[in-house]
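Asks: The structure that follows is given in the form of structure tokens.
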Amino acid sequence: MHWSEKIAQEIIKRNPDKPEYVCAAGISPSGSIHIGNFRDVATSYFVVRALRKMGKRARLLFSWDEFDRLRKIPANVAQINGDMETYIGYPYVDVPNPFDDVAECPTFAAHFEKEFMDSIGKFGIDMDCRYQADMYRSGKYVKYVLLALQKRGEIFDIIDSHRTQDAAPGEREAYYPVSIYCPRCHRDTTKIHSLSDDCTVAEYTCACGYAGTFDFTKDYNCKLAWKVDWPMRWMYEGVDFEPGGKDHASINGSYDTSKHISKEIFGYEAPIFQGYEFIGIKGTTGKMSGSSGLNLTPGTLLRLYQPEVILWLYSKTDPMKAFDFCFDDGILRQYFEFDKMLTACADGTADERTKEIMYNTVVEGHEVIPVPMGHLVQLGSIVNFNVPMLETIFQKIGTPYRYDQFKDRLDKARYWLEQCAPEQMNRLRKTRNFAVYNELGEEEKREISLLHAYLAAGGFSLEELNSQLYAIPKQVYGENLPEKELKGLQRTFFSNVYKLLLDKEKGPRLYLFLYAIEADSYLQLLDFSHGQTDEEIALEKQMLEEAAAKTERPAQKKREYGAPDPVEPVKEEITIEDFARMDLRVCKIVKAAEIRKSANCLKLTLDDGMGERVIVSSIKHDYTMEELVGKKIIVLANLKPARFSGVTSQGMLLAATNSACGCQVIFVDDIVPVGTVIR
């Protein structure tokens, strides 16, 4: 049974006769909505679908927490308007929109809400939206705000019971479960000093110097504290289920506390809660990162993934398990696995688990044609994504897909190649590669000659070509070679062909590639029966110059730092034996993920040459995850493991920190193999 159906059964068991079940999700529009936050929506959405599958009415309630305070300025906003810091403390809904769509979206909140909702539409997810600024400012919550004020002592006791530290003297008497937004400066930097006996009028001051009274019966520009606001909304909306980050699910965490407040203060049994893990990224994002870092929004990922594939990744993974969005070859494996399940459902061979997973991936009005993503990537780049040529290739290899069947995936294949993996683009050389050819042995040159003659003769089928490619090394080196030796010679032969045609040691399946592409486009690259021409020499020189120009490092954007720190004196001397005890080695960052409990740290998964290790590093404010994945670093590998924010760190990376440069991780040239020891 799918995990969402288990939750649905629990919901029905608790309240079997409810006319309509409410599954909730909510996000603050604090910036572009990260794909990790989308798990909030997807989890509730799948439970809604499970309830409907069981014949029940259910809806997805989505709250825009736009009445929360602006805490920090996102990097992409700061780049546009450096003065946005002046709005810290404003509710998101009152912060002006710094982007160009201000006519359509007048506020900061509206811009990011629209950005997210435009993406949600592509998933076919129907949401009943609540805008919390409207809910508060219209007075809909006024009686619950008054109730919270009347029971503020009880609320404090509940919150205190879930804390590990004792309350300070006078803290209970000074506690008010509500924040007032100042009418002068618009911030929540206010402090209530007294409350009338009937708990309707407060005397307060603001950090800006304003002082006044606030009548909660008719002044609505205030907001309940999070752990009170959350259960209040459960009760108001009749919520039956709501997910949240795994930190909320921890003992004495937000859910435990709010659950207690919901029952004791608002008289409502808290909804069933499901914690979820956070999402990682795998593989370098290449050009997509840019100087400001990649915004991993649903909209960004829809350039790479079809919406059904994104839903599939969430559906097939238990909420408390992490998974990765891949920017390396992993994305091709994900498409392959999705297509395999989709095809199994279509031809009736799918098992129950597959059917349950794929049930959640349907987007109404959109049909997915499982054209192999690997073919579109490999063959598309060879013909520069020319549609008629691709249609011809698919026809030749026995899969006659038409453009209307692969156009959506073709755009995504091209975007992935150009933005994430430009090094995997397959482009035929313009000239024969004499530099490679001249380094070949006589037997290897004979293999190339035999291949050229076979291809030039033509008249073969796809299967015959595949057999011939494996047979050519036998013709040159003999039929009775040991199998292991023969396989090695065949691999070398294939590699030589790729280098002569593509300047790469690997490429698309060779038999498929040679059969699909017109022979006239590459035959001359395998013909070394005559010497290098003047034209080839000139083209070769031009290609070398262009390659050199591309490898020149662009000028680094200047960042503002402070004066250098004073130079510290050299520490006490150590012996070479002391130094030798430190195991410093080169590791590659294969994955980076946020740690929900930490404002400063990232969880880095490394390849250390022997396997995977995890380290925690406090560089969250200095590097984006996308800037780190794929890079090689130096790690102190034999440092005693320690736990940070619930994650065990198995080492420490090397970085230089100074006021004159900030934190600069020591990166290692990619030529250095993973696992190399620093001596």
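Asks: Taking only region 260-281 into account, find how many residues are farther than 30 Å from residue 626 by Cα, among the charged types (D, E, K, R) and buried (at least 18 other Cβ atoms within 10 Å of the Cβ).
Replies: First, the residues of region 260-281 that are farther than 30 Å from residue 626 by Cα: 260-273.
Checking which are among the charged types (D, E, K, R) leaves us with 263-264, 269.
From what is left, the residues that are buried (at least 18 other Cβ atoms within 10 Å of the Cβ) are none.
Number of matching residues: 0.
Asks: Further, regarding this structure: Quick check on region 310-330. Is at least one of its residues farther than 30 Å from residue 243 by Cβ, open to solvent by 50 Å² or more (accessible area, probe 1.4 Å) and touching a residue at least 40 places away in the same chain (Cβ under 8 Å)?
Replies: There is at least one residue in region 310-330 that is farther than 30 Å from residue 243 by Cβ, open to solvent by 50 Å² or more (accessible area, probe 1.4 Å) and touching a residue at least 40 places away in the same chain (Cβ under 8 Å).
Asks: Which one of these does residue 336 not meet: (1) aromatic (Phe, Trp, Tyr); (2) open to solvent by 70 Å² or more (accessible area, probe 1.4 Å); (3) farther than 30 Å from residue 514 by Cβ?
Replies: In the conditions (1) aromatic (Phe, Trp, Tyr); (2) open to solvent by 70 Å² or more (accessible area, probe 1.4 Å); (3) farther than 30 Å from residue 514 by Cβ, residue 336 misses (3) alone.
Asks: Also: Does any residue of region 86-104 turn out to be more than 30 Å from residue 16 (Cα to Cα), open to solvent by less than 50 Å² (accessible area, probe 1.4 Å), part of a helix (DSSP H, G or I) and hydrophobic (A, V, I, L, M, F, W, C)?
Replies: Yes: one or more hits.
Asks: Restricting the search to region 451-468, which residues are over 14 Å from residue 524 (Cα atoms) and among the aliphatic types (A, V, I, L, M)? Spell out the reasoning first.
Replies: Step one: of region 451-468, the residues over 14 Å from residue 524 (Cα atoms) are 458-468.
Within region 451-468, 462, 465 qualify.
Asks: Among 158, 125, 120, which is surrounded by 15 or more Cβ atoms within 10 Å (Cβ to Cβ), of a type in the set (A, V, I, L, M) and within 30 Å of residue 198 (Cα to Cα)?
Replies: Result: 158 is the single residue among 158, 125, 120 that is surrounded by 15 or more Cβ atoms within 10 Å (Cβ to Cβ), of a type in the set (A, V, I, L, M) and within 30 Å of residue 198 (Cα to Cα).
Asks: Return the pairs, sorted by first residue and then second, in which the second residue is polar (S, T, N, Q) and at pLDDT 90 or above, the first residue lies in region 561-588 and is under 18 Å from residue 654 (Cβ atoms), the beta carbons are less than 6 Å apart, and the residues are 6+ apart or on different chains.
Replies: If the second residue must be polar (S, T, N, Q) and at pLDDT 90 or above, the pairs left are 583/638; 586/676.
Asks: Mind checking which residues of region 161-195 are outside any loop (DSSP other than H, G, I, E, B), touching a residue at least 24 places away in the same chain (Cβ under 8 Å) and surrounded by 13 or more Cβ atoms within 10 Å (Cβ to Cβ)?
Replies: Across region 161-195, the qualifying residues are 178, 179, 180, 195.
Asks: Tell me the residue from 526, 481, 486, 451 that is without any contact (Cβ under 8 Å) to a residue 24 or more places away in the chain, over 40 Å from the mean Cα position of the chain (by Cα) and open to solvent by less than 30 Å² (accessible area, probe 1.4 Å), please.
Replies: Just a single option satisfies the conditions, and that option is 486.
Asks: Given the residues 300, 284, which is the only one that is open to solvent by less than 50 Å² (accessible area, probe 1.4 Å), within 30 Å of residue 336 (Cβ to Cβ) and either part of a loop (DSSP other than H, G, I, E, B) or modelled with pLDDT under 95 (or both)?
Replies: Going through 300, 284 in turn, just one is open to solvent by less than 50 Å² (accessible area, probe 1.4 Å), within 30 Å of residue 336 (Cβ to Cβ) and either part of a loop (DSSP other than H, G, I, E, B) or modelled with pLDDT under 95 (or both): 300.
Asks: I'm trying to understand the selection: among the residues of region 339-350, which are loosely packed, with under 15 Cβ neighbours inside 10 Å and either touching a residue at least 24 places away in the same chain (Cβ under 8 Å) or under 27 Å from residue 282 (Cβ atoms) (or both)?
Replies: Matches in region 339-350: 340, 343.
Asks: Tell me, which residue of region 42-78 that is closer than 28 Å to residue 182 by Cα and among the hydrophobic types (A, V, I, L, M, F, W, C) is farthest from the chain's Cα centre (by Cα)?
Replies: Of everything passing the filter in region 42-78, 67 is farthest from the chain's Cα centre (by Cα).
Asks: Which numbered condition trips up residue 364, out of (1) part of a helix (DSSP H, G or I); (2) among the acidic types (Asp, Glu); (3) within 23 Å of residue 45 (Cβ to Cβ)?
Replies: (1)
Asks: For region 12-45, how many residues are part of a loop (DSSP other than H, G, I, E, B) and hydroxyl-bearing (Ser, Thr, Tyr)?
Replies: Matching residues across region 12-45 total 3.
Asks: Could you list all residues from region 292-346 that are more than 16 Å from residue 421 (Cα to Cα) and charged (D, E, K, R)?
Replies: Within region 292-346, 308, 316, 318, 321, 324, 337, 339, 340 qualify.
Asks: Working only within region 46-85, note down all residues that are of a type in the set (Asp, Glu) and either assigned to a helix (DSSP H, G or I) or in contact with a Pro (Cβ under 6 Å, 6 or more places away or on another chain) (or both).
Replies: Result: 66, 85.
Asks: Could we say that residue 660 is among the aliphatic types (A, V, I, L, M), touching a residue at least 40 places away in the same chain (Cβ under 8 Å) and either closer than 24 Å to residue 72 by Cα or surrounded by fewer than 17 Cβ atoms within 10 Å (Cβ to Cβ) (or both) here?
Replies: yes
Asks: A further question on this structure: Only one residue in 219, 198, 229 is surrounded by 13 or more Cβ atoms within 10 Å (Cβ to Cβ), assigned to a loop (DSSP other than H, G, I, E, B) and among the charged types (D, E, K, R), so which one is that?
Replies: One residue alone meets the criteria, 219.
Asks: Just to be sure I understand the filter: pairs with C-beta atoms under 9 Å, separated by 6 or more residues or on different chains, first member in region 390-402 and touching a residue at least 12 places away in the same chain (Cβ under 8 Å), second member of a type in the set (Asp, Glu). Which pairs pass?
Replies: Close Cβ pairs (under 9 Å, with a partner that is of a type in the set (Asp, Glu)) amount to 401/391.
Residue-by-condition table, conditions (1) open to solvent by 40 Å² or more (accessible area, probe 1.4 Å); (2) over 30 Å from residue 283 (Cα atoms):
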residue: 415; (1), (2): yes, no
residue: 419; (1), (2): yes, no
residue: 435; (1), (2): yes, yes
residue: 458; (1), (2): no, yes
residue: 462; (1), (2): no, yes
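Asks: Please count how many residues of region 610-644 are modelled with pLDDT under 90 and open to solvent by 50 Å² or more (accessible area, probe 1.4 Å).
Replies: Of the residues in region 610-644, 6 are modelled with pLDDT under 90 and open to solvent by 50 Å² or more (accessible area, probe 1.4 Å).
The values are calculated or read from the model by the stated rules, or taken from the named source; none is laboratory data. Please read these numbers as outputs of a predicted model, since none were measured by experiment. Ideal geometry is used to build each Cβ from the backbone, glycine not excepted, and the neighbour counts take in all protein chains shown. What goes into the accessible areas is simple: the full protein's heavy atoms, side chains included, and nothing from ligands, DNA or RNA. Shrake-Rupley method; radii C 1.70, N 1.55, O 1.52, S 1.80 Å.
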